Amino acid sequence: SILVPIGPLVPRLRRLLPGLAMSSATGSFSLQQPLNYRGGARLQPTDGGQVEEVYEPATGRVIAKLLCSGEKEVDLAVQSAKAAFKVWSQKSGMERCRVLLEAARIIREQRDEIATLETINNGKSIFEARVDIDISWQCLEYYAGLAGSLAGEHVQLPGGSFGYTRREPLGVCVGIGAWNYPFQIACWKAAPALACGNAMVFKPSPFTPISVVRLAEIFTQAGVPKGLFNVVQGGVATGQFLCQHPDVAKISFTGSVPTGVKIMEMAAKGIKPVTLELGGKSPLIIFSDCALENAVNGALMANFLTQGEVCCNGTRVFVERKILDTFTKEVVKRTQKIKIGDPLLEDTRMGALINRPHLDRVQNFIKQAKEQGAQVLCGGDLYVPDDPKLKNGFYMRPCVLGNCTDDMTCVKEEIFGPVMSILPFDTEEEVVERANNTKFGLAGGVFTRDIQKAHRVVAALNAGMCFINNYNVSPVELPFGGYKASGFGRENGRAAIEYYSQLKTVCVEMGDVESVF
């Protein structure tokens, strides 16, 4: 592979982030700028006080200090958004369209710089981060296209009377993001919200606070009213202040099931609509009539993107017994070839996990799997790159587990790391029943040459997002979301419009009112 030096990006990154110290190369990034964004500017929170350290996963270095936002700062952000909403909601769909298109253009122009920030803060490979940024600007373009077409309908009633509906924005929406796709998730939530005429206050994960503030700056640069998209930083307490704020109209959350439950409870007290995109333990079903190489590629894509830290990953890989040995051997061979290391190098395909506690958690899952009888076919151990500046990074070798059974913890619980569990099956009916035997229902996949079987199986899967002969493909045109404990509501596609707008019905009488009194 050709390695592209990161050095040329440094001057551009410094223009984007004046508080950036040294260079953007791995192990030398530092940020002193404020990470909150309110009223069109970066600033420190007015209250809160708690300080969190932000790490570079590749090196284990602290790259920024995060000041958590308190109740006063959250209120100021919401009030700023509320004021901007009054202006933005009165603009036509075409006016909003033009602003979103300009934001998409800026992101596209700054793709490499934003991807570099994402890689430094998240640990994923620069190759993947660029794809995330591409999906982000495509999302803004998609909803820009829908903004001008949002409309109600006219209904003719007897006697010349008529009714009509208006699709109206909700108001101030709250977005709470996850650390695995910080910039992309923010765009997935902001694009439909802004297209419908809403304002948004966004809280990223305290682990990955850096790139979302850049999105806020881009929106301002593109022409949104100052305050329309604000960023508050912090953890649980900050999230609670947002969810409980009386002027917040809607909450969209991506994260864990336990946190999703707490958000539902808080939202219920204010009768606030909620979109929840939570965890998963998705099945990937490999039939013996599949194209084997394609199925192996699919299994790798379903398990090892972003170091396995993907909610919809197909981590329960059910393989028809006829091809179990052949498939397993090929998956192990390919997994052992995955290039691990500095995520800013062009040929790296797996970077570092998000932090040390999460790495330890994943390691404990593997230890428990071995104790319960699973066989580690490859990987699962810590990885120390040769580069000395990476020695304290949060790396592990991608792991494939064999001899797995449905009752093992590694098969039932979401690991959220690069760990694939392979399970044999014999019949279609059996594998569908086993695939659905989970509290989750986010995704599922099928690999087969039999198209009737493929459609029959995905129709039977209790999952919100299904893949046939591919996996982890996320075009913004298609709705994304889960069943059961994986949440409800949808990101992306036309479906998201329903969750960021409300319908008003107007009934017009053209004659005299007939009273029954």
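Determine the calculated [θ] at 222 nm for the chain from helices alone, applying -39500 (n - 2.57) to every DSSP H run no shorter than 4 residues and normalising by the residue count; nearest 500 deg cm²/dmol.
So the helix-based figure for the chain works out to -12000 deg cm²/dmol.
Can you tell me how the range 371-435 classifies by the Cα gyration tensor, rounded, prolate or oblate, using a/c under 1.5 as the rounded cut?
It comes out prolate by the Cα gyration axes.
Which value in nm describes the separation of the simple spin-label points at Ile271 and Ala41, placed 7 Å from the Cα toward the beta carbon?
About 3.9 nm, to one decimal.
Calculate, for Arg456 and Val516, the FRET efficiency according to 1/(1 + (r/R0)^6) with r their C-beta to C-beta distance and R0 56 Å; round to the nearest 0.05.
0.55
Would you grab the residues whose amide H sits under 5 Å from the one on Ser30? Only those 5+ places off in sequence or on another chain, please, with H modelled 1.01 Å from N.
HN-HN under 5 Å from Ser30: Ala21.
In the chain, what percentage of the DSSP-assigned beta bridges are antiparallel, given to the nearest 5?
Roughly 45 percent of the DSSP beta bridges within the chain come out antiparallel.
For the range 64-220, give the magnitude of the charge dipole about the Cα centre (Cβ charges: +1 Lys/Arg, -1 Asp/Glu; no others), in debye to the nearest 20.
For the range 64-220, the charge dipole is close to 280 debye.
Dipole of the range 44-100, Cα-centred, from +1 at each Lys and Arg C-beta and -1 at each Asp and Glu C-beta, to the nearest 20 debye?
In total the dipole reaches around 460 debye.
Ignoring ligands, DNA and RNA, please state the percent of accessible area on the range 27-102 from carbon and sulfur, probe 1.4 Å.
51 percent
Ignoring ligands, DNA and RNA, what percent of the 1.4 Å accessible area of the range 377-418 is carbon and sulfur?
Whole-percent figure for carbon plus sulfur exposure: 46.
Hey, if we sort Tyr55, Tyr500 by accessible area with the 1.4 Å probe, largest down, what's the order?
Working: Tyr55 80, Tyr500 5 Å².
Of Tyr55, Tyr500, the descending order of accessible area is Tyr55, Tyr500.
Mind checking the full-extension length gain between Lys91 and Arg494? Use 0.36 nm per residue of separation minus the Cα-Cα distance, one decimal, nm.
Computed gain between Lys91 and Arg494 is 143.0 nm.
List the residues whose amide H sits under 5 Å from the amide H of Phe488, counting only those 5 or more places along or on another chain, with H placed 1.01 Å from N in the peptide plane.
Leu276, Gly482
Can you say what percent of the DSSP beta bridges in the range 360-517, counting only those with both residues inside, are antiparallel? Round to 5.
Bridges in the range 360-517 are about 50 percent antiparallel.
Sort Thr427, Thr505, Thr220 from largest to smallest accessible area, using a 1.4 Å probe on the heavy atoms of the protein chains. The partial results should precede the final answer.
Numbers: Thr427 60, Thr505 110, Thr220 40 Å².
The ordering from most to least exposed comes out as Thr505, Thr427, Thr220.
Would you list which lysines come within 27 Å of Lys322, measuring only between C-alpha atoms, while excluding same-chain residues fewer than 8 positions from it?
Lys322 reaches Lys281, Lys333, Lys337, Lys370, Lys412, Lys453.
With every protein chain present, what accessible area does Cys196 have (1.4 Å probe, heavy atoms only), rounded to the nearest 10 Å²?
Number for this one is 10 Å².
From largest accessible area down, sort Ile271, Ile133; use a 1.4 Å probe on the protein chains.
Ile271, Ile133
Quick one: check the C-alpha center-to-center distance for the range 440-494 versus the range 250-313, whole angstrom.
11 Å
Which GluC sites (Glu not before Pro) from the range 420-517 combine a DSSP loop assignment with at most 12 other Cβ atoms within 10 Å?
Glu477, Glu514
Per residue, how many Å² of accessible area does the chain show with a 1.4 Å probe?
Numbers: 20790 Å² over 517 residues.
With all protein chains present, the chain gives 40 Å² per residue.
Taking 31 Å as the cut-off for C-alpha to C-alpha distance, list the pairs among Lys124/Lys272; Lys124/Lys484; Lys203/Lys367 that go past it.
In this structure, Lys124/Lys272; Lys203/Lys367 lie more than 31 Å apart at Cα.
About the Cα centre of the chain, what is the dipole size in debye to 20, counting +1 per Lys and Arg Cβ and -1 per Asp and Glu Cβ, all else neutral? List each step's numbers first, then the result.
Numbers: 55 positive and 53 negative charges, 185 e Å.
Charge dipole of the chain: 880 debye, to the nearest 20.
Which one, Leu76, Val476, Leu423, is farthest towards the positive end of the dipole of the chain when Lys and Arg carry +1 and Asp and Glu -1 on their Cβ?
Among Leu76, Val476, Leu423, the one farthest towards the positive end of the dipole of the chain is Leu76.
The values are calculated or read from the model by the stated rules, or taken from the named source; none is laboratory data. Values in this document were obtained by computation on a predicted structure and should not be read as measured data. So basically every Cβ, Gly included, is an ideal-geometry build from the backbone, and we count neighbours across all protein chains shown. Heavy atoms of the whole protein, side chains included, go into the accessibility calculation; ligands, DNA and RNA do not. Shrake-Rupley method; radii C 1.70, N 1.55, O 1.52, S 1.80 Å.
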